[in-house]
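Here's the structure, in structure tokens; my notes come after.
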Amino acid sequence: MFKQFKANRSRLQKYTSGILPLVLIGGWLYPPLGFSLLICMFGAVGIALYKGRAWCDWMCPRGSFYDLFLDSLSRKLPIPSIFKTNWFRTIILSLLVAVLSVQIYYAWGDSYGIGRAFVLVLTVTTTVGIVLGAVFKPRAWCQICPMGTLGSWLSTGKKPLYVSEHCKDCKLCAKVCPMQLKPYDSKAGFMADGDCIKCSSCVAACPAKALGFEEELRKAA
Ligand code: SF4
Ligand code: SF4
């Protein structure tokens, strides 16, 4: 079941991950392509308002790219705990907003210049993400991505993962979680972590069928 689930998820991710090189490389040749980043920004934040960080699962081209292409390259060291702290994430968010704002300010009135600013930020952050993902788990960047951070803050408590009392503490859920979360810690309750990207990898992998999302549980009731 898990193999089939993974194949289905990878198929979706293959479609979206192709957008990343298209914008990254194409954007240097035709800078207005950089405006497509706005779709990512509004998509991530908009979906977070009612479904948590679900955008980051397979809809985000960069997150999909990291899952698919860094998995075999990565040393998969644990993601540093500092990446989970609000103060560190706020610094990264503020830094990137400041850099982008200054660039847009100087390019104001020039659509190519503004587009180039988006492409530049995408290029730098994607490169940092590749380096982080090669050393730590592939989704290391997703812990500090500004859109992910905003999504996480808006997501807390939205579509939480339910962990039933049938959990056997095998910890397989944590092993397959791309975001280094530990569903088993919330046994007989909801895991409300805003960084859950609702990928359902843990749900598919759990041998005790102890996991599910609220709406699935409601349907089953
Ligand atoms: S995979 Fe299932 S049974 Fe194993 S620890 Fe996680 S929730 Fe519990
Ligand atoms: S807790 Fe489960 S659904 Fe959430 S990110 Fe981890 S594997 Fe995906």
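The values are calculated or read from the model by the stated rules, or taken from the named source; none is laboratory data. Just so you know, these numbers come straight off a predicted model, no measurement behind them. As a convention, Cβ positions derive from the backbone with ideal geometry for all residues, glycine included, and neighbour counts pool all protein chains shown.
Things to note:
- Subset of region 74-114 [of a type in the set (Val, Ile, Thr) and in contact (Cβ under 8 Å) with a residue 24 or more places away in the chain]: Ile79, Thr90, Ile92, Val97, Ile114
Yes or no, residue by residue, for (1) within 27 Å of Gly46 (Cα to Cα); (2) in a strand (DSSP E or B); (3) at pLDDT 95 or above; (4) within 14 Å of ligand 1 (Cβ to nearest atom):
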position	(1), (2), (3), (4)
Glu165	no, no, no, yes
Lys168	no, no, yes, yes
Pro178	yes, no, yes, no
Tyr184	no, no, yes, yes
Val203	yes, no, yes, yes
Pro207	no, no, yes, yes
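- Tally, over region 161-171, of residues that are surrounded by 18 or more Cβ atoms within 10 Å (Cβ to Cβ) and out of contact with any Asp or Glu (no Cβ under 9 Å at 6 or more places or on another chain): 1
- Within region 94-137, tally of residues that are surrounded by fewer than 18 Cβ atoms within 10 Å (Cβ to Cβ) and among the aromatic types (Phe, Trp, Tyr): 4
- Here the condition is being in a helix (DSSP H, G or I), in the same structural domain as Leu24 (by TED's automatic domain parsing) and free of Cβ contacts under 8 Å to residues at least 24 places away in the same chain; of Val119, Val124, it holds for Val124 alone.
- Any hit, region 151-160, residues being within 16 Å of ligand 1 (Cβ to nearest atom), buried (at least 20 other Cβ atoms within 10 Å of the Cβ) and either more than 23 Å from Leu68 (Cα to Cα) or modelled with pLDDT of 95 or more (or both): yes
- Tabulated pairs, region 177-197, first more than 16 Å from Ala54 (Cβ to Cβ) and among the hydrophobic types (A, V, I, L, M, F, W, C), second more than 10 Å from ligand 2 (Cβ to nearest atom) and assigned to a loop (DSSP other than H, G, I, E, B), C-beta under 6 angstrom, 6+ apart or interchain: Ala188/Glu165
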